[in-house]
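Worksheet: the structure to be examined is printed underneath.
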Amino acid sequence: MSNEELIQIASNTRKNAYAPYSSFSVGSALLSSNGNVFTGCNIENASFGATICAERAAISNAVSSGVTDFTKIAIVGAKDFCYPCGICRQVLSEFCDSDTFEIILCNSENKTKVFKLGDLLPNFFNL
Ligand code: THU
């Protein structure tokens, strides 16, 4: 699947974001190694700390379906190049290879930036 297709799916999923507190909607689309796409959106909560980000929602969606191998994720947020937060980088690092897994961001002109996970979170915590 192309990066552009994955961005389009993330963008569509963003419409489902539940973000009444921040009004900052995020969508993500996570591609598994066997070609399936798992989507996620941010789901906020009145107890702000209970909010789940779009990226972790996608991981939860996949892992609860028994899928744990991934190749890339597209993230589309309410601003250009919506970088994943630190917690989501750590959660992605639990399942995704630092050297090969790609994080795809885009701006309003459909320009994309692609990072390796290890570029955004070098030396992630691991037990
Ligand atoms: N958010 C995400 O969904 N992903 C990120 O990586 C950064 C932040 C959400 C959480 C919250 O609902 C809103 O964006 C504002 O922080």
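Need one number: nm distance between label points at residue 43 and residue 12, each 7 Å from Cα along Cα→Cβ, rounded to one decimal.
Computed distance between label sites residue 43 and residue 12 equals 2.0 nm.
So if I place +1 on the C-beta of Lys and Arg and -1 on the C-beta of Asp and Glu, and nothing else carries charge, what would the dipole magnitude of the chain be about its Cα centre? I want it in debye, nearest 20.
Values: 9 positive and 12 negative charges, 59 e Å.
That gives a dipole near 280 debye.
Could you name the lysines whose alpha carbon sits less than 20 Å from that of residue 116, not counting residues in the same chain fewer than 8 places away?
Candidates past the 8-residue exclusion: 72.
Test of understanding: what is the full-extension gain from residue 65 to residue 3, defined as 0.36 nm times their sequence separation minus their Cα-Cα distance? Kindly include the intermediate steps, with their values, before the conclusion.
Details: separation 62, 0.36 × 62 = 22.32 nm, distance 2.29 nm.
Full extension from residue 65 to residue 3 adds 20.0 nm.
Does the chain classify as rounded, prolate or oblate by the C-alpha gyration tensor (a ≥ b ≥ c root eigenvalues; a/c under 1.5 gives rounded; else a/b over b/c gives prolate, otherwise oblate)? Numbers along the way, then the final one.
Details: a/c = 1.37, a/b = 1.15, b/c = 1.19.
Here the chain falls in the rounded category.
On the protein heavy atoms, probe 1.4 angstrom, tell me the percent of accessible surface of the range 17-91 carried by carbon and sulfur. Kindly include the intermediate steps, with their values, before the conclusion.
On the way: 1790 of 3360 Å².
Heavy-atom surface of the range 17-91 belonging to carbon and sulfur, 1.4 Å probe: 53 percent.
Can you pull out the trypsin sites (Lys or Arg not before Pro) in the range 56-117 whose DSSP state is coil and whose Cβ has at most 15 other Cβ atoms within 10 Å?
Numbers: sites: 56, 72, 79, 89, 111, 113, 116; in loops: 79, 111.
Counting only loop positions with at most 15 other Cβ atoms within 10 Å, the trypsin sites (Lys or Arg not before Pro) in the range 56-117 are 79, 111.
Please give the residues of the range 1-37, grouped as numeric ranges, whose backbone N is less than 18 Å from a label point set 7 Å along the Cα-to-Cβ vector of residue 87.
17-28
Counting heavy atoms of the protein chains only and a 1.4 Å probe, report the per residue accessible area for the chain as a whole number of Å². Can you show the working numbers first?
Values: 6700 Å² over 127 residues.
Here the residues of the chain average 53 Å² of exposed surface.
State, as an integer percentage, the relative contact order of the chain based on alpha-carbon contacts under 8 Å between residues 6 or more apart.
Details: 265 pairs, mean separation 26.8, N = 127.
RCO, the chain: 21 percent.
If the cut-off is 16 Å between C-alpha atoms, which lysines fall inside it for residue 15, apart from same-chain ones fewer than 8 positions away?
Candidates past the 8-residue exclusion: 79.
Starting from the range 1-77, pick out the chymotrypsin sites (Phe, Trp or Tyr not before Pro) whose DSSP state is loop and whose Cβ has at most 13 other Cβ atoms within 10 Å. Provide the component values of the computation, followed by the final result.
Numbers: sites: 18, 21, 24, 38, 48, 70; in loops: 21, 24.
For chymotrypsin sites (Phe, Trp or Tyr not before Pro) across the range 1-77 that sit outside H, G, I, E and B with at most 13 neighbouring Cβ atoms in 10 Å, the list reads 21, 24.
So, with +1 on the Cβ of K and R and -1 on the Cβ of D and E, and no other charges, what is the size of the charge dipole of the range 68-127 about its Cα centre, to the nearest 20 debye?
Working: 6 positive and 8 negative charges, 44 e Å.
For the range 68-127, the charge dipole is close to 220 debye.
The values are calculated or read from the model by the stated rules, or taken from the named source; none is laboratory data. Please read these numbers as outputs of a predicted model, since none were measured by experiment. Cβ coordinates were reconstructed from backbone atoms using ideal geometry, including for glycine residues, and neighbour counts include every protein chain displayed. What goes into the accessible areas is simple: the full protein's heavy atoms, side chains included, and nothing from ligands, DNA or RNA. Shrake-Rupley method; radii C 1.70, N 1.55, O 1.52, S 1.80 Å.
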